[in-house]
Amino acid sequence: MIKDVLRWMFVLLISAFLNIDIVAQNTSAFDSLTKKLIDSKEPNERIETLLALSEEVIGTDPQQGAKYAEEATNIANLQNYKKAAIQSLIQKGRCYIRTSDYSKAIESAEKALELAEDQKMGNEIARAKGVLSVIFFEIGDFGRSAKYDFENLKYFEQINDQAQIGLVLGNIGTDFINQNNYNKGMEFLKKSLDIAIKYGDYEGIAYQNNNIASVYFEYYQDYKTALNYYKEALRVNNRLDDKQQRGIYLMNIGISFSKLNQNDSTLEYYIESNDIFRYLKNQFLYSECQSHLGEYYFSLRDINTSLLHADTALKISQANNFFENMKSSAGLLHKIYLSIKDTINAYKYAIIEDYAEDSLFVQQNNKDVFKLEFQYNYEKLDKERQIARQKKDNMMTLAILTLISSLIIILLIFSRHRIKAKKVALEKQSIEKELDFKNKELTINLMSLMKKNEMLADISTNLIEIEKGAKTAETKMALSVISKKIRHSSDDKILKEFSTRFQEVHSGFYGALLQKYPDLTQNELKLCAFLRLNMSSKDISELTGQSIFALENARYRLRKKLGISNSNINLVTFLSQI
């Protein structure tokens, strides 16, 4: 019986962390919340009210509590309220634990954990793991239960939440105890108690005193030490006004006194705890206490009173399928009737006792089968989840690598484009420099030709002067012919050489001009070339022998042919763009 109470206490301790209310439903609070739900319009308010309703009925009608939590989950998902969705899933998981539907409980808790981890919500992660710890504890997988408890311990140590550290240490202690590692379990329970005392956590102090007492009672059979811890749990609980816990502590103290053969004290504590459980309508604990009272009166040989309590315990147990209590109460009745030599009734209750024991065996086998099936499905689900997570991680890695590769390619393209642009700019600059150099070279050659032309002109002039002073007509004629030949040959040679050199520097200039303006004459083309070199009318006059007036007229006619006679466009600028 003490072992069952220790299990009960673990669920209570976990409930403290998960904010589970284990007292009976408050009718007025339920009615108020129901009205509030009807009046609620805003999604957030409806979710909050639904979760409050679920919390209100979780102890009395966990199936209805799960429905409220499910409705809250649906609203949260529609509104994309991540935190509310996680809280609703956690609440739903807790409700399914109460209905022993562990498959649905773990489904809800796992989903809550996945969402909480995605959103990096530390407290919600811890609460989801707390639910998973309870589930695995309930099905007897204490190793996996301890795994989640240790993960929560690490988290609460990181955020330095001492109250939660104390609670989790107590949970870990019960995990170890249920794995028959009593020394390790006691170590954690006492650490939890020390933290609860340090921070004035009366609920935690009471819980851990009771748990430590149960270990001394059940496993070490040190009833005196157990009694001291139970009494301390009761003393601290009196500050909390928690009736159900008071009933549990009183019953445990009564059992301890019974083991120590202190009958007066035993009865006192049994009666008070019995009255509390009857008032709270907790059928399980009430039937258990009735069975203990039956044992007490049987030890005093008060057969009638013993029969009354044993029969009450059996009827309650049969009505609720409390097979453990059914076995103990039927066994007591079997023992009572044997003592008064009523073999027929003794046999009748022996059959009930065997039935209860067989039911417990089947129940345990079913639980073991369920545990194996559950662990298989969970490990399968866990493996699928790991594969999905790995796939997700791989996709994320691939996306990152693709992004990095794209950036590298873009950078390479950009770099190549820059290099190419720079190369083009350099080539253009080189061409411009070369063109500039050739233009300068061409200008120098022109200047040289102009000087040469000037010298020839001087020679021609001198010959003309000599011609004037010649004495014979033949000499004058000869000098005149020579002078004209020098002038014409020098002009033709200069212009021909200029044309050749200009074509070398500006090879496409004449072609582009003729393509746009096919009516241009050779003289106009040459004038365009001179202007393309930014030569002044004076320079052109010296080079060609034309007068400046004639050149100005030629420029005017050229502007008309080029279609810019009525504009302010500079002729030299216009030609430099062709």
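A short reminder: the numbers here are calculations on the coordinates, not readings from a lab. Small disclaimer: the values here were computed from a predicted structure and weren't measured. Cβ coordinates were reconstructed from backbone atoms using ideal geometry, including for glycine residues, and neighbour counts include every protein chain displayed.
Please compute the modelled spin-label separation between residue 534 and residue 241, points set 7 Å along Cα→Cβ, answer in nm with one decimal.
10.4
Using 0.36 nm per residue, how much length does the chain from residue 431 to residue 63 gain when fully extended, once their Cα-Cα distance is taken away?
Fully extending the segment from residue 431 to residue 63 adds 123.6 nm.
Once you order the gyration tensor axes a ≥ b ≥ c over the Cα atoms, which shape class does the range 508-578 get: rounded for a/c under 1.5, otherwise prolate or oblate by comparing a/b with b/c?
Prolate is the answer for the range 508-578, as a/c is 1.5 or above and a/b outweighs b/c.
Please determine, in degrees from 0 to 90 and to the nearest 10, the orientation of helix 323-339 with respect to the longest principal axis defined by the Cα atoms of the chain, where the helix direction is its Cα long axis.
Helix 323-339 sits roughly 10 degrees off the main axis of the chain.
Give me the three principal axis extents of the chain from the C-alpha atoms, as integers in angstrom, largest value leading.
189, 52, 43
For the range 61-172, what does the alpha-carbon gyration tensor say about shape, rounded, prolate or oblate, given a ≥ b ≥ c as the root eigenvalues, a/c under 1.5 as rounded, and a/b over b/c as prolate?
Oblate, because a/c is 1.5 or more while a/b does not exceed b/c.
What does the highest-first list of 92-101, 253-262 look like by mean Cβ count within 10 Å?
92-101, 253-262
For the range 175-236, rounded, prolate or oblate, judged on the Cα gyration tensor with a ≥ b ≥ c (square roots of eigenvalues), a/c < 1.5 rounded, else prolate if a/b > b/c?
Note, shape of the range 175-236 comes out oblate.
With r defined as the distance between the Cβ atoms of residue 99 and residue 280 and R0 fixed at 25 Å, what FRET efficiency is calculated, to the nearest 0.05?
With a Förster radius of 25 Å, E is 0.75.
Calculated FRET efficiency, residue 180 and residue 221, Cβ-Cβ r, R0 22 Å, to nearest 0.05?
0.90
What is the angle, in °, between the Cα long axis of helix 182-198 and the longest principal axis of the Cα atoms in the chain? Nearest 10 is fine, range 0 to 90.
That helix lies at roughly 80 degrees to the long axis.
Going highest first, how would you order 34-42, 107-115, 324-332 by mean Cβ packing within 10 Å?
Answer by packing, highest mean first, reads 324-332, 107-115, 34-42.
Counting only the backbone N, which residues of the range 539-561 are under 17 Å from the spot 7 Å out from the Cα of residue 519 toward its beta-carbon?
554-561
Given 111/383; 129/190; 82/383; 111/392, which pairs have Cα atoms separated by over 19 Å?
129/190; 82/383
Give me a comma-separated list of calculated 3J(HN,Hα) values for the range 226-242, in order, Karplus coefficients 6.51, -1.76, 1.60 applied at θ = phi - 60°, integers in Hz, x for any Gly or Pro.
Ordered by residue, 3J(HN,Hα) equals 4, 4, 5, 5, 4, 5, 5, 4, 5, 4, 5, 5, 4, 6, 9, 6, 9 Hz.
Taking θ as phi - 60°, what are the ³J(HN,Hα) couplings along the range 546-557 by the Karplus curve (6.51, -1.76, 1.60), each to the nearest whole Hz, with x for Gly and Pro?
7, 6, 5, 4, 5, 5, 5, 5, 5, 5, 5, 4
At 7 Å along the Cα-to-beta-carbon direction for both residue 315 and residue 466, put a label point, then send me their distance in nm to one decimal.
16.5
Contact order normalised by length for the range 508-578, with contacts defined as Cα pairs under 8 Å and 6 or more residues apart; what percent is it?
41
If we count every other residue with Cβ under 12 angstrom of residue 259's Cβ, Lys/Arg +1 and Asp/Glu -1, where does the sum land?
Around residue 259, the surrounding residues sum to -2.
With Cβ to Cβ distances under 13 Å as the rule, what net charge do the other residues near residue 573 carry (K, R +1; D, E -1)?
+2
All other residues with a Cβ under 15 Å from the Cβ of residue 74 taken together, and with Lys, Arg as +1 and Asp, Glu as -1, what is their net charge?
Combined, the nearby Lys, Arg, Asp and Glu give +2.
Let me have the 222 nm mean residue ellipticity of the chain computed from DSSP H runs of 4+ only, each contributing -39500 (n - 2.57), with the sum over all residues rounded to the nearest 500.
Counting only the DSSP helices, I get -29500 deg cm²/dmol.
Once phi is turned into ³J(HN,Hα) by the Karplus curve 6.51 cos²θ - 1.76 cosθ + 1.60 with θ = phi - 60°, what whole-Hz value does each residue of the range 92-105 show in order, with x for glycine and proline?
Going residue by residue, I get 5, x, 5, 5, 5, 4, 5, 8, 6, 8, 6, 4, 5, 4 Hz, with x marking Gly and Pro.
Given a Förster distance of 56 Å, report the FRET efficiency between residue 301 and residue 190 from their Cβ-Cβ distance, rounded to the nearest 0.05.
Calculated transfer efficiency: 0.85.
Calculate how steeply helix 202-218 sits against the longest principal axis of the alpha-carbon atoms of the chain, using the helix alpha-carbon long axis, and give the answer as 0 to 90 degrees to the nearest 10.
It is inclined by approximately 60 degrees.
Lysines within cross-link reach of residue 476: Cα-Cα under 24 Å, excluding same-chain residues under 8 positions apart?
468, 484, 485
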